[in-house]
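Below: one structure, written as structure tokens.
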Amino acid sequence: MKKYNKLLGNIRELLEKGLFTSQDLRKEVENLLKFKIDAIVNKLNLVSREEFEVQKKIIQKLQKDLLNYKFKKRKKAATRAKKF
């Protein structure tokens with residue numbers, strides 16, 4: 001919170017002295033926000049939509065293969081039970 005207050009104080013001081021225009025202020029705020037957003041995204045280890053879709057397809061295929069395996073196993077067990 002102190003950093004935030006200090007930043008606002010510095011901005012106010014520059015505006016009062018006329019060294020900082022509203023355009024400069026806008027650019028500075030945009031840069032700070034972009035930096036913060038990038039930091040948050042990096043902390044969350046987010047993936048792109050493309051990577052997500054690839055992983056989703058892989059998982060769906062594995063689920064399908066697992067269901068097929070279970071079905072075949074049950075069918076084989078049922079066939080054995082009928083023989084006895």
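Read-outs throughout are calculated quantities, based only on the coordinates presented, and are distinct from any laboratory measurement. These figures come from a predicted structure and were not determined experimentally. Cβ sites come from the backbone with ideal geometry, for glycine too, and all protein chains shown count toward neighbours.
Assorted remarks:
- For residue 73, the aspartates and glutamates whose Cα comes closer than 17 Å to its Cα, not counting residues fewer than 8 places off in the same chain, are 65.
- Highest-fluctuation residue, 31, 42, 68 considered, GNM on the chain with Cα pairs under 10 Å: 68
- Remark: spin-label model distance residue 31-residue 44 equals 2.5 nm, labels positioned 7 Å along the Cα→Cβ axis.
- Extension gain for residue 23-residue 6 works out to 4.1 nm (0.36 nm per residue, less the C-alpha to C-alpha distance).
- Additional length obtainable on full extension of the chain from residue 13 to residue 52, 0.36 nm per residue less Cα span: 9.4 nm
- Angle in degrees between helix 22-44 and the longest Cα principal axis of the chain, rounded to the nearest 10: 30
- Helix 49-83 axis, angle to the chain major axis (alpha carbon atoms, nearest 10°): 20
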